[in-house]
Amino acid sequence: MQRRELFSFLSTSIKDVAKGKKAVVIRPPYYNNEDDFDRECQNCNGLCATSCQEQIIVIGEDKTPTLDLSTNGCTYCDDCATACESGVLALENKKLIKANIVIDKKSCLSWQGVMCFSCKDPCLEDAIDFKAMFMPTIDQDKCTACGFCISRCPTNAINIIKVKNENSD
């Protein structure tokens, strides 16, 4: 971990605690029913987390896996689903991460007139558009919510918002 990433992570964590923000629970993108995490993951060894190449799956105190996109993003490599012995994560349930990535215009350097493309460079889907050389926006139709842009932002201006889909969960 680079020094900037460490301080960025610590700063975000401290700010969230100070503001009383509740952590957003984002699950790996291979589940069918979110209730299965509470039932099945209690007797698991967390193989989904140890198999994650990007090391973004964290096993919480409740023994369920969540995604921590503060240091890296999801490549949708399928390794967590392949490693899951309980069947909570399965290849046939593969879908995009249920979240929207948003830019806080007040915190974003580009929105303040400073030339910064830190979020655009890691975006594999080319989902971040700039109006002229400033004012980045995220095209939610292109965005896979992989989260690679989140850790690259030097001002922590990119946030993740969980979305609910009434058809599953």
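Structure notes:
- Selection status of ILE97, of a type in the set (Val, Ile, Thr), out of contact with any Phe, Trp or Tyr (no Cβ under 7 Å at 6 or more places or on another chain) and outside any loop (DSSP other than H, G, I, E, B): no
- Pick from segment 1-56, criterion basic (Lys, Arg) and assigned to a loop (DSSP other than H, G, I, E, B), ranking: modelled with the highest pLDDT: ARG27
- Number of the exception - LYS120 against (1) outside any loop (DSSP other than H, G, I, E, B); (2) out of contact with any Ser or Thr (no Cβ under 8 Å at 6 or more places or on another chain); (3) free of Cβ contacts under 8 Å to residues at least 60 places away in the same chain: (1)
- Residue that is surrounded by the fewest Cβ atoms within 10 Å (Cβ to Cβ) [pool: residues in segment 86-122 that are acidic (Asp, Glu) and outside the structural domain of GLN42 (by TED's automatic domain parsing)]: ASP121
Residues are listed down the side, and each one gets a yes or a no for (1) surrounded by fewer than 18 Cβ atoms within 10 Å (Cβ to Cβ); (2) modelled with pLDDT under 95; (3) touching a Phe, Trp or Tyr at 6+ places or on another chain (Cβ under 9 Å):
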position: ALA127; (1), (2), (3): no, no, no
position: PHE130; (1), (2), (3): yes, yes, yes
position: ASP139; (1), (2), (3): yes, no, no
position: PHE148; (1), (2), (3): no, no, no
position: SER151; (1), (2), (3): no, yes, yes
position: GLU166; (1), (2), (3): yes, yes, no
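- The residues of segment 139-160 include none that are more than 15 Å from ASP129 (Cα to Cα), of a type in the set (Ser, Thr, Tyr) and either out of contact with any Ser or Thr (no Cβ under 8 Å at 6 or more places or on another chain) or assigned by TED's automatic domain parsing to the domain that holds THR75 (or both).
- Test: LEU67 is of a type outside the set (Gly, Ala, Ser) and surrounded by fewer than 18 Cβ atoms within 10 Å (Cβ to Cβ): no
The values are calculated or read from the model by the stated rules, or taken from the named source; none is laboratory data. Bear in mind the structure is a predicted one, so any value in this text is a computation, not a measurement. Note that we place each Cβ from the backbone using ideal geometry, even for glycine, and neighbour counts take in every protein chain shown.
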